[in-house]
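Scroll down for the structure; my scribbles are underneath it.
The values are calculated or read from the model by the stated rules, or taken from the named source; none is laboratory data. Values in this document were obtained by computation on a predicted structure and should not be read as measured data. Positions of Cβ are backbone-derived with ideal geometry, glycine not excepted, and every protein chain shown enters the neighbour counts. Please note that ligands, DNA and RNA were not included when accessible areas were found on the heavy atoms of the full protein model with its side chains. Shrake-Rupley method; radii C 1.70, N 1.55, O 1.52, S 1.80 Å.
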Amino acid sequence: MDQLPTEFDVIIVGTGIVESVVSAAASRVGKRVLHIDRSDYYGGQWASFSLESISKLHEEQIERKNIINSSHIEHSGISEFVELGNKLFDIKNIECTWHVQSKTDTEQSKESTEMNDSDLIQNLVPNEEQHTQETVTWTKEALLKESRKFNIDLVPKLQYARGDFVELLISSNIARYSEFRSVSRVLTWLNEHLEVVPCSRSDVFSNNKVSVIEKRMLMKLLTSLEDVEKDLSGCKDKTYHNYLKEKKLTPNLIHYVLYAISMSDNNTLCEQGIKQTRRFLGSLGRFGKTPFLFSMYGSGEMPQAFCRLSAVFGGIYALGQPMKGLTISENKFKCLLVNDQKLTAEHLVLNLEHAPKQFVDLKKLEYISRCVLITDRSVMSSEKEHLTLLLYPPENDKNSVIMIELGTLTGTCPKDLYLVHMTTRQKTNPKEDFLHIINNIFNINHKDTESEKPKVLWVCYFSLPDFLSSDVKQNVPDNVFLGTGPDIDSDYDFSVKQAKEIFSKMYPEEEFLPRAPDPEEIVIEAEDEEIEDKDMADKQTDQKDEATDGEVKQKAETKDTETKQKAKTQDTETLENVEKKQVDH
Amino acid sequence: MDDYKFLFKVVLVGNAGVGKTCLVRRFTQGLFPPGQGATIGVDFMIKTVEVGNEKVKLQIWDTAGQERFRSITQSYYRSAHALILVYDISCQPTFDCLPDWLREIEEYASSKVLRVLVGNKIDREDREIPTHVGEEFAERHNMYFLETSAKESDNVERLFMQIAEDLMKQARTRDLPRYDSNAQSINGRTSTIGDSSCCSKLQ
């Protein structure tokens, strides 16, 4: 394999969402970027895994610790050498268990298909007949055979349809690298039952669990909260819960608004609650029935979309790179030691996970409890497959829980199965934090054979650091920036904000992720291949601004004719200056 | 709106320098880029062709240089209808890497994706991989096989037209990898999605 180039404008270590956004932004404005990761997969703590590889997460963590411990290099000259990595933010409490028989007579698979021999596994789909059977008995082997059809997120995220992240995807044109599916229903746990939360006006009216008077109350409240201009002076120094009570809402309505729509709890302050409610209402009606989108193939795709843009604009990508450490002199990062190479750059961006111990001053570390289940049916059965968001209210000593249930249409799990993600602020440990929900909604021990509850086939618990609630001070050289890992919020706003800050500190003059041209707009000149991308993009924008509708149409027609001719004659003609225009912007 | 009937996503993989970009440029623009450097700024290219009086739009994706250090994003393989694996007939290591590429394809691409093996640079006189060796490899792995020269424009048109025709055939027999109930979303330029069962392409 090639040697890495050694000189860059910025080196970015870690392929989490913050680093990936920074990488895309820097490459986009023409900076020479090296984006590098120790792991051989994208995403770091934001990655998605197959069923097989998530089961090995624990081993990998241990392995990584050993790598960190084993490397040591002497100081040389005036510069100081520091090792990369720390153990502060590791994933904890990993525990995966199977709740299926290991092998049964119904299992028709050919023996000898070893999971570690990945070449051999093809056509993992159980055949059609199996699907049409009333009950499919899943075994560990059968599930592992479908391992790659699972894309299990460490950090599952939902995007608000009009949130900052979605707007950024659209404005930067990064949206073209991913597909999304809208959450099709929002549920909550109310009076010991799962209930559909009325989200939109039409939902409110069609909901038969809500009385006519309640409907009016709810509409009035939502309309008043939507109004940004409205005076919120009655809101000072109280919780959102109290505010809603004062509005004389019924307990059911308070439940819907407080725990579901605003994703608040009993302690959420009024102002925050209203902000959250607006965030929800403001994203309604753009894509589908609820305000939320989920990225196809899992949230692990999101960092990759930004990395793709970075690569398209010249960013160099190298995964699976053993990094020894970096040198610092005069409080500035000088070079990164990768393999036997010394790589230099003006700036260094590091994920906190990769940051040398001495760069991190940890004041307080909070955790997110996570639980992932594979189940045999949806929590609320229905004719069509739903993408479900379930907001489980706080209960006794438990925090509120966000649950996302994904079916096969999301590209994250095989047919006839569901992947359930649960996320909450950690109180004790993941197992205890979700115990009540598992008992209320799922059938985990399969004791009750008549039960309609979804059977749990596999469960995995783990804890991730929550950088939104933690307090981590940075103690870094002038040209080093640290990006954080996961956070408890349902969208990526926290990460995008950080990425923007890092970018503007490095390049205060530059625009953050301007729109990338569509392929149709790229001018390719046969004579001169070495066009600066930035210039190219600028040129495009200028042209686009100038062009009137008429001009655009005309050009589109010319283009069509050209294409037709080419297709018919099958001759290849040399176009000195191909210019293509986007028609529908 | 464009009046094509089908849109297919074709992705290219293979070692750096085997001529992936040149194949795409040759086909979509009819030119052979003289530059040697890695591909910059090119995301995918589009060409509309006609297959039996039907317009077929091919969206051809390039690796954006991420193959150089074997760091192609998984998402690159998602939703591909056809996959072209390219090696350089004058460079043995590019052929030796094919099993690695196949492993990656197995892992991330749909199992129904149309796969084509291409030995490029047949204009070169210092051939290292005889045609039959490539052919045999392709046969063993259930792939189509073609040798091309992007420089001399040999078989390039044929390669992509063959892919378009095959995908059309598959589409007619409904044997295409179906990524969603709404395949249009690949090109969707809409900002409102009426049916929540569809997946949305943001724009």
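What are the residues in the range A:213-231 that are at pLDDT below 85 and out of contact with any Leu (no Cβ under 9 Å at 6 or more places or on another chain), if any?
A:Asp227, A:Val228, A:Glu229, A:Lys230, A:Asp231
Do the conditions hold for B:Thr48, that is, is it open to solvent by 10 Å² or more (accessible area, probe 1.4 Å), at the interface with chain A (Cβ under 10 Å from one of its Cβ atoms) and touching a residue at least 12 places away in the same chain (Cβ under 8 Å)?
Judged against the criteria, B:Thr48 is a match.
Would you say A:Gly44 is touching a helix residue (DSSP H, G or I) at 6+ places or on another chain (Cβ under 7 Å), open to solvent by 10 Å² or more (accessible area, probe 1.4 Å) and more than 12 Å from chain B (Cβ to nearest Cβ)?
yes
Is it fair to say A:Val349 is within 14 Å of chain B (Cβ to nearest Cβ), open to solvent by less than 10 Å² (accessible area, probe 1.4 Å) and over 29 Å from A:Val459 (Cα atoms)?
Values: within 14 Å of chain B (Cβ to nearest Cβ): no; open to solvent by less than 10 Å² (accessible area, probe 1.4 Å): yes; over 29 Å from A:Val459 (Cα atoms): yes.
No.
Conditions first: (1) within 14 Å of chain B (Cβ to nearest Cβ); (2) over 24 Å from A:Asn252 (Cβ atoms); (3) β-branched (Val, Ile, Thr). A:Val360 passes all but one, so which condition is the exception?
If we test A:Val360 against (1) within 14 Å of chain B (Cβ to nearest Cβ); (2) over 24 Å from A:Asn252 (Cβ atoms); (3) β-branched (Val, Ile, Thr), just (1) comes out false.
Report whether or not B:Arg70 is of a type in the set (Lys, Arg) and open to solvent by 20 Å² or more (accessible area, probe 1.4 Å). Write out each step before concluding.
Numbers: of a type in the set (Lys, Arg): yes; open to solvent by 20 Å² or more (accessible area, probe 1.4 Å): yes.
Yes.
Working carefully through the options A:Ser299, A:Ser310, find the one that is among the polar types (S, T, N, Q), out of contact with any helix residue (DSSP H, G or I) (no Cβ under 6 Å at 6 or more places or on another chain), surrounded by 24 or more Cβ atoms within 10 Å (Cβ to Cβ) and modelled with pLDDT of 95 or more.
A:Ser299
Write out, first by first residue and then by second, each pair whose Cβ atoms fall under 6 Å of each other, whose residues are 6+ apart or on separate chains, and whose first residue, in the range B:98-119, is more than 12 Å from chain A (Cβ to nearest Cβ) while the second is open to solvent by 60 Å² or more (accessible area, probe 1.4 Å) and not in a loop (DSSP other than H, G, I, E, B).
B:Val116/B:Tyr144
Quick one: count up the residues across the range A:260-306 that are hydroxyl-bearing (Ser, Thr, Tyr) and within 22 Å of A:Glu195 (Cα to Cα).
Total meeting the criteria: 5.
Which helices (runs of 4 or more DSSP H) does the range A:239-318 wholly contain that include 1 or more residues that are facing another protein chain (nearest Cβ under 8 Å) and within 25 Å of the chain's Cα centre (by Cα)?
A:301-312
Give the residue that is nearest to A:Ser490 (Cα to Cα), with candidates limited to residues of the range A:442-457 that are in contact with a helix residue (DSSP H, G or I) (Cβ under 8 Å, 6 or more places away or on another chain) and assigned to a loop (DSSP other than H, G, I, E, B).
A:Pro454
Among the residues of the range A:144-172, which ones are surrounded by fewer than 24 Cβ atoms within 10 Å (Cβ to Cβ) and charged (D, E, K, R)?
Residues satisfying the conditions are A:Lys145, A:Glu146, A:Arg148, A:Lys149, A:Arg162, A:Asp164, A:Glu167.
Can you name every residue in the range A:356-398 that is open to solvent by 50 Å² or more (accessible area, probe 1.4 Å), basic (Lys, Arg) and either under 19 Å from the mean Cα position of the chain (by Cα) or farther than 30 Å from A:Leu144 by Cβ (or both)?
A:Lys357, A:Lys363, A:Lys364
Quick one: in the range B:58-67, of everything that is open to solvent by 10 Å² or more (accessible area, probe 1.4 Å) and not acidic (Asp, Glu), which residue is farthest from the chain's Cα centre (by Cα)?
Among them, the one singled out is B:Gly65.
Please state which one of A:Arg38, A:Arg64 is assigned to a loop (DSSP other than H, G, I, E, B), modelled with pLDDT under 95 and of a type outside the set (Gly, Ala, Ser). Show your work before the answer.
Numbers: A:Arg64 fails: assigned to a loop (DSSP other than H, G, I, E, B).
On inspection, the qualifying residue turns out to be A:Arg38.
Going through the range A:458-481 one residue at a time, which ones are open to solvent by 10 Å² or more (accessible area, probe 1.4 Å) and in a strand (DSSP E or B)?
Hits for the range A:458-481 are A:Tyr461, A:Phe467, A:Leu468, A:Ser469, A:Ser470, A:Asp471, A:Val472, A:Lys473, A:Gln474, A:Phe481.
Scan the range A:139-187 for residues that are more than 9 Å from chain B (Cβ to nearest Cβ), under 25 Å from A:Ser310 (Cβ atoms), outside any helix (DSSP H, G or I) and hydroxyl-bearing (Ser, Thr, Tyr) and jot them down.
Result: A:Tyr160, single match.
Run A:Leu337 past the list (1) surrounded by fewer than 24 Cβ atoms within 10 Å (Cβ to Cβ); (2) at the interface with chain B (Cβ under 8 Å from one of its Cβ atoms); (3) in contact with a Gly (Cβ under 7 Å, 6 or more places away or on another chain) and report the number of the one that doesn't hold.
A:Leu337 satisfies all of (1) surrounded by fewer than 24 Cβ atoms within 10 Å (Cβ to Cβ); (2) at the interface with chain B (Cβ under 8 Å from one of its Cβ atoms); (3) in contact with a Gly (Cβ under 7 Å, 6 or more places away or on another chain) except (2).
When residues of the range A:298-312 are filtered for being within 19 Å of A:Leu419 (Cα to Cα) and in contact with a Phe, Trp or Tyr (Cβ under 6 Å, 6 or more places away or on another chain), how many remain?
0
Residue-by-condition table, conditions (1) out of contact with any Ser or Thr (no Cβ under 6 Å at 6 or more places or on another chain); (2) not hydroxyl-bearing (Ser, Thr, Tyr):
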| position | (1), (2) |
| --- | --- |
| B:Gly65 | no, yes |
| B:Ser71 | yes, no |
| B:Leu85 | yes, yes |
| B:Asp100 | yes, yes |
| B:Ile105 | yes, yes |
| B:Pro130 | yes, yes |
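Any idea how many residues of the range A:195-207 are of a type in the set (A, V, I, L, M, F, W, C) and open to solvent by 30 Å² or more (accessible area, probe 1.4 Å)?
Result for the range A:195-207: 2.
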